[in-house]
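Inspection log for the structure reproduced underneath, given as structure tokens.
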Amino acid sequence: MGESYRRDGEGWLVVDGSLAESPQWAASPRMIGVAKSHATLPFAGRDQVVYLETPFGHRSSAFAPASHTVAPVYSWSLRLWPWEGRDLFHGLIRVETAPTQEAVEAADQIGRWLLAERAPISTPDRRWDRLLYGIHDVEVYLRSRMV
């Protein structure tokens with residue numbers, strides 16, 4: 001289904017996780033990867049602090065993650081909810097797109113789209129602060145089909 005949508009669709013497709021796992025996904029100009037976990041941080045030192053302290057509603061600069069060797073992507077962090085008084089990862093997602101100048105130019109627009117997808121809140125899921133509602137809905141649907 002995703003392949004036909006990428007080929008024939010005119011809209012954007014949001015993927016739960018990294019685009020870098022698939023060369024086809026990573027090269028698609030209308031796919032957005034949303035990673036909720038941060039097993040590997042892209043920076044160290046002061047740059048890491050800046051990345052982790054991205055304010056609510058803001059994004060980091062776009063960068064090319066060195067750890068993505070299967071397929072290159074551009075990435076940036078986006079803060080969906082305020083983190084102050086909580087864990088530094090609270091509300092922080094990593095967004096991935098094809099490594100194109102067009103994707104970098106669309107980063108602010110993509111960020112606004114993703115911020116709009118926070119509502120309604122995906123509670124009681126423990127990942128609610130990083131879970132876009134559309135992805136939450138798909139997860140609920142898929143779990144219901146497994147019964």
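Just so you know, all these numbers are worked out from the coordinates, no wet-lab data involved. Treat the numbers as computed from the prediction; the structure is a model and nothing was measured.
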- Counting DSSP beta bridges in the chain, what percent are antiparallel, to the nearest 5? 75
- Task: Grab the Cα-Cα distance for D8 and E84, subtract it from 0.36 nm times how many residues apart they are, and report the gain in nm with one decimal.
- Result: 23.1 nm
- Task: Search the structure for amide H atoms under 5 Å from the amide H of M31, placed 1.01 Å from N in the peptide plane, and list their residues when 5 or more places away or on another chain.
- Result: L13, A98
- Item | Convex hull of the range 2-145 built on C-alpha atoms - directionally averaged projected area, nm² | 9.1
- Note on the structure: Per residue convex hull volume, Cα only, the range 71-115, in Å³ is 68
